[in-house]
Structures are given as structure tokens and as C-alpha cells.
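Visitor: First, the structure itself, so that you have it in front of you.
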Amino acid sequence: MKSSAVIEVIKKPPIAVIYLNRPEVLNALSDELIRSLADALEDIDRDDAIGATVIAGKGRAFAAGADIKGMVEATEEEMAKSDRLALWMRLWKAKKPVIAAVHGFVLGGGCEMVMGFDIIIASEDAEFGQPEILIGVMPGAGGTQRLTRAIGKHRAMELVLTGRRFSARQAYEWGLINRVVPREILFSEAQTLAVEIAKRPRVAVMRAKEAIKKAGDSSTEELTFERQLFYTLFSTEDQKEGMRAFLEKREPRFKGK
Ligand code: DAK
């Protein structure tokens, strides 16, 4: 699997490492990036030399969310037609374990992406959040479902309705992530764990992953329900105002419609 302009793929059997590589926009998750990542994970699933993957971000963030530029002017109909959820679902269908090694901003779709992966290791500087409400929308890639499952209804409600960010330490205390480590050892921690898992019997690892997801992950139906609500917001004035305000670097003026 080759690297593309927006991701870098390095195979170091028995593991693979994938870097999100749009540092100039804090690794904003464009459709092209998600498609490249899904292609890479599917290639890794077919590669007998690889048993686990580490995903990390280049630059000062893991990912600040889906690419707002690519959504700002979309209509509800266009969003529904784009079928982005199907694209994102490909990421979470990876059969081999995926370990996210996150630092800096882990926001919106960035947070949603890693919640759908298998293990999350964060550096002390990582900041999580679902800030979509601040730009006139709501989480649309599993945030309302997976965050609620992980940390409970009341905490998820406060975070999603305010858009406030929370620290790696807080994420750990709430049970959202596996551990918090100093930035200098983030990558080596993730890599060591990936190698350990990659050395375990491959088929048993994949079956165990599948079984745990059945017990603790969101169903396609739940994600579809959330996505439909998310798309309806693209017919509101507040979505246009919120996203335009972000891109124009000004405060939004919401009207409640
Ligand atoms: N999209 C596009 N560009 C972004 C971006 C984003 N999400 N986040 C940052 N950037 C760009 C900025 O515009 C800026 O670009 P230039 O002005 O330099 O051209 C550059 O990255 C650096 O950002 P800042 O200058 O803003 O850096 P600061 O340190 O001042 O602030 C920040 C960092 C992370 C606090 C801030 O950038 C920020 O608030 N970013 C937006 C965070 C956000 O709102 N994220 C949620 C986006 S909505 C779905 C799938 C996915 C989703 C929904 C549905 N389906 C499958 C249905 C997900 C939706 C979202 O994630």
C-alpha cells in the first residue's frame, strides 16, 4: 500500500503505522483522507505480514475534525447523497486491531474516528471534544453514541451540548481511553503494544476483536439514526452561519433556525 498525499503508510512487519498527514489544517479529515485511510486499512487486512496498526497524526494535532471547508456550503440533500457514513464505516470494519496514538487536538470527527478504533493511547497534551455544536451542527460519525456508551449519558450530554474540550487525564478517568503517557513516549508505547498484539495468534485476535465490538460498540442502526439527524442540520441557517464563521475567523451569530 502506497502512501498518498494525505496519509503516510509505513509497514514494519509485524505492524503497520499510518500517519494522518495534513498538518497545515490540523489533519482535518477530508473525504480523500478518509478514503485513503480506509484503503490502507483494507490493504493491511489482506497483508499476512501485518498483525496490527498504529494510527497517529503529523504536526501539532491528531485531528481537529472533519474538514469544515468541504461541508460548509452543502445542502441536506447533498450531504445525504454523499453517503459519508458508508465511507467512515469502512474504517471501523478493519479486521485487525487498530491502536490510535493521539496528541494535541482530538476533536469532532477525530474523536469519533478513534472511539470507533480498538485501543486509544493519548499523550498528556491531548485535548478531546465534540465541538460540533459551536459551528451549528452535532456529532455525525458516532459521537453521540460511542461517547455516551464510554462515559455515560450525563457527561456526554454536557460535553456535546456545550462543545467543551476535555483533557487526556479526564478522558482516562472517565474510561474513554486506555492510558495517558508523556508525549516523548507516546509513539513507542503504541508501537510496543501493537507488536505484542501482532505476535498473538492472528485468527484468534481478529475473532476476539469482533466479539468485543459486539458487546461494546454502536450498531449500524444507531449510527444511521445519528447521521440522519446530522444531515437535517444542513437545512438550517445556523449550520451555514456556524461553519462560515469558523472559516472567516469570527464569532457566529446563531438565530436558532
Ligand atoms: N476543518 C478545516 N480546517 C480546519 C479545521 C477543520 N475541522 N480545524 C482547523 N482547521 C484549519 C484552520 O482553518 C486553520 O487554517 P488556516 O487559517 O491556517 O488556513 C488551520 O487549520 C489551523 O487552525 P487554527 O488557526 O484554528 O488553530 P488554533 O490553534 O487557533 O485552533 C482549533 C485550533 C482546533 C481549536 C480550531 O482550529 C478549531 O476549533 N477547529 C475546528 C474544530 C471543529 O469544529 N471540529 C469539528 C468539525 S465537524 C460524518 C463524519 C464526520 C463528521 C460528521 C459526520 N458522517 C460520517 C456523517 C464530523 C464532523 C466534524 O468533525
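Visitor: 222 nm [θ] for the chain, helices only, -39500 (n - 2.57) per DSSP H run of 4+, per residue, to 500?
Guide: The helix contribution divided over the chain gives -13500 deg cm²/dmol.
Visitor: Collect residues whose amide H, placed 1.01 Å from N in the peptide plane, falls under 5 Å from the amide H of residue 125; neighbours closer than 5 in sequence don't count.
Guide: 104, 183
Visitor: Among 139, 97, 23, which one moves the most in a GNM of the chain with springs linking Cα atoms closer than 10 Å?
Guide: The residue that fluctuates most here is 23.
Visitor: To continue, here is another question. I need the peptides 141-148, 205-212 ranked by packing, meaning the mean over residues of other C-beta atoms within 10 angstrom, with the highest value on top.
Guide: 141-148, 205-212
Visitor: Sticking with this structure for a sec: Based on the mean of other beta carbon atoms within 10 Å per residue, what is the order of 249-256, 186-193, most packed first?
Guide: So the order, starting with the most tightly packed, is 186-193, 249-256.
Visitor: Hey, another quick one. Extending each Cα 7 Å along its Cβ direction at residue 48 and residue 5, get the distance between those two points in nm, one decimal.
Guide: 3.7 nm
Visitor: Dipole size in debye (nearest 20) for the chain around its Cα centre, Lys and Arg Cβ +1, Asp and Glu Cβ -1?
Guide: The calculation lands at about 520 debye.
Visitor: While we're on this one: Work out from phi, with θ = phi - 60° and the Karplus expression 6.51 cos²θ - 1.76 cosθ + 1.60, the ³J(HN,Hα) of each residue of region 112-124, listed in order in whole Hz, and give x for Gly and Pro.
Guide: Taking θ as phi minus 60°, the curve returns 5, 4, 6, 5, x, 7, 9, 9, 10, 10, 10, 8, 4 Hz for region 112-124.
Visitor: Comparing 127, 42, 237, which has the greatest mean-square fluctuation in the GNM of the chain with Cα pairs linked when under 10 Å apart?
Guide: Its mean-square fluctuation being the largest, the pick is 237.
Visitor: Here's a follow-up. Rank 23, 13, 40 by how far each Cα sits towards the positive end of the charge dipole of region 1-66 (+1 on Lys, Arg Cβ; -1 on Asp, Glu Cβ) and give me just the farthest.
Guide: Going by the charge dipole, the pick is 23.
Visitor: OK, next. Past 25 Å, Cα to Cα, is the threshold; run 69/93; 12/93; 58/96; 153/249; 93/257 against it and keep the listed order.
Guide: From 69/93; 12/93; 58/96; 153/249; 93/257, over 25 Å: 69/93; 153/249; 93/257.
Visitor: Here's a follow-up. Quick one: pull the percent of accessible area on region 119-248 belonging to carbon and sulfur, 1.4 Å probe, ligands and nucleic acids left out.
Guide: Result for region 119-248: 56 percent of the exposed heavy-atom area is carbon or sulfur.
Visitor: Quick check for you: with a 1.4 Å probe and neighbouring chains kept, what is the accessible area per residue of the chain, in Å²?
Guide: Here the per-residue accessible area is 48 Å².
The values are calculated or read from the model by the stated rules, or taken from the named source; none is laboratory data. Predicted model only: the values in this text are computed from it and were never measured. Methodologically, a virtual Cβ is constructed for each residue, glycine included, from the backbone with ideal geometry; neighbour enumeration extends over all protein chains shown. What goes into the accessible areas is simple: the full protein's heavy atoms, side chains included, and nothing from ligands, DNA or RNA. Shrake-Rupley method; radii C 1.70, N 1.55, O 1.52, S 1.80 Å.
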